[in-house]
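Participant: Before we start, here is the structure in question, set down as C-alpha cells.
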Amino acid sequence: MAPSASSERGKEVRQQLLRAAAELIAELGWPAVSTRVLATRAGVGPGLVHYHFASLQALLTEAALGVMRGLADELTALLDQVRSPEEGLELIVGGLGGHDPQDPTSRLFSEAYLAATRDAELRHAIGELIVEFRRPLALWLAEHDVPEPEATAAVLAAALDGIMLHRALSPGLTAEDITRVLRRLLLAPDPR
C-alpha cells in the first residue's frame with residue numbers, strides 16, 4: 001500500500017522542523033529557540049511544531065541527536081577504510097578537521113552539551129549516543145591489537161569531544177598537532 005499524500009507531507013514537515021531546529025540551535029543557541037522562531041524558519045504554522053513533537057524540547061533534542069549521530073556514523077564509517085590505528089587516528093582527526101570551530105555542527109555540539117547539563121533526558125540520550133559510538137570504535141581497536149580497547153575507545157571519544165569544544169577557544173590547534181599527540185598516547189607501550 002502506497003503512503004498517502006498527507007502522510008508524505010507530514011514526514012516532509014517533520015524533516016523541515018528538524019532541519020530548522022538544528023540550524024537555529026547553532027545560530028541562536030539552545031535557549032533562544034522558540035516555537036514561533038522555529039515555525040517561521042521551517043515555513044510552517046506554530047501549531048505544527050506541537051502536532052509533530054511532544055514539546056519544543058523534544059524537537060530540539062531529536063534535531064541535535066540527529067546531527068550528532070550523523071557525525072558519529074561518518075567517523076565510524078571512516079574506520080572501514082583504514083588498515084592501522086595510525087591511519088584510523090589520522091582519518092578521524094582529519095574528519096573533525098573539516099569542521100571549523102564556528103561551523104554549525106561544532107556550535108550545535110557545544111550547545112547540546114551545555115543544554116545537557118540542565119536536562120537529564122538530553123544528558124541520558126547523548127550518553128547513549130556516545131556509548132553507541134564507542135562500541136564499534138572499541139571493536140576496531142581490538143581488531144588492531146590496541147591494549148584495553150574499551151577504555152581506549154572511551155578516552156579517545158572523550159578526547160575527540162574535547163577537541164571539538166576546545167578548537168573554538170584555541171583555533172591554532174591543528175589536526176597535525178592533535179594527531180601527533182593522540183598517536184603517541186594511543187600507541188605508547190603499556191608501562192606496566
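The values are calculated or read from the model by the stated rules, or taken from the named source; none is laboratory data. As the structure is a computational prediction, the values presented were derived from the model and not from experiment. Cβ: placed from backbone, ideal geometry, glycine included. Neighbour counts: every protein chain shown. Just so you know, the surface numbers come from the protein's heavy atoms only, side chains and all, with ligands and any DNA or RNA stripped out. Shrake-Rupley method; radii C 1.70, N 1.55, O 1.52, S 1.80 Å.
Participant: For Arg9, state whether it is without any contact (Cβ under 8 Å) to a residue 24 or more places away in the chain and open to solvent by 60 Å² or more (accessible area, probe 1.4 Å). Spell out the reasoning first.
Facilitator: Values: without any contact (Cβ under 8 Å) to a residue 24 or more places away in the chain: yes; open to solvent by 60 Å² or more (accessible area, probe 1.4 Å): yes.
Against the criterion (without any contact (Cβ under 8 Å) to a residue 24 or more places away in the chain and open to solvent by 60 Å² or more (accessible area, probe 1.4 Å)), Arg9 qualifies.
Participant: Sticking with this structure for a sec: Which of the following residues is modelled with pLDDT of 85 or more, over 12 Å from the mean Cα position of the chain (by Cα), under 18 Å from Ala26 (Cα atoms) and surrounded by 14 or more Cβ atoms within 10 Å (Cβ to Cβ): Ala115, Ala138, Ala153? Steps first, please.
Facilitator: On the way: Ala138 fails: under 18 Å from Ala26 (Cα atoms); Ala153 fails: under 18 Å from Ala26 (Cα atoms).
Going through Ala115, Ala138, Ala153 in turn, just one is modelled with pLDDT of 85 or more, over 12 Å from the mean Cα position of the chain (by Cα), under 18 Å from Ala26 (Cα atoms) and surrounded by 14 or more Cβ atoms within 10 Å (Cβ to Cβ): Ala115.
Participant: If you check every pair at least six apart or on different chains, which have Cβ atoms under 8 Å apart with a residue in the stretch 150-174 that is under 20 Å from Glu90 (Cβ atoms) first and a residue that is β-branched (Val, Ile, Thr) and outside any helix (DSSP H, G or I) second?
Facilitator: Thr152/Val146
Participant: Of the conditions (1) under 28 Å from Lys11 (Cβ atoms); (2) open to solvent by less than 10 Å² (accessible area, probe 1.4 Å); (3) of a type in the set (A, V, I, L, M), Val37 clears all except one; give me its number.
Facilitator: Among (1) under 28 Å from Lys11 (Cβ atoms); (2) open to solvent by less than 10 Å² (accessible area, probe 1.4 Å); (3) of a type in the set (A, V, I, L, M), the lone unmet condition for Val37 is (2).
Participant: What are the residues in the stretch 37-91 that are farther than 15 Å from Glu23 by Cα and not in a helix (DSSP H, G or I), if any?
Facilitator: Val44, Gly45, Phe53, Ala54, Ser55, Val82, Arg83, Ser84 - these are the residues of the stretch 37-91 that are farther than 15 Å from Glu23 by Cα and not in a helix (DSSP H, G or I).
Participant: Would you confirm whether any residue within the stretch 34-57 is touching a Phe, Trp or Tyr at 6+ places or on another chain (Cβ under 8 Å) and at pLDDT 95 or above? Step through it out loud before you land on a result.
Facilitator: Start the filter on the stretch 34-57 by keeping residues that are touching a Phe, Trp or Tyr at 6+ places or on another chain (Cβ under 8 Å), which leaves none.
No, there is no match, as no residue in the stretch 34-57 is touching a Phe, Trp or Tyr at 6+ places or on another chain (Cβ under 8 Å) and at pLDDT 95 or above.
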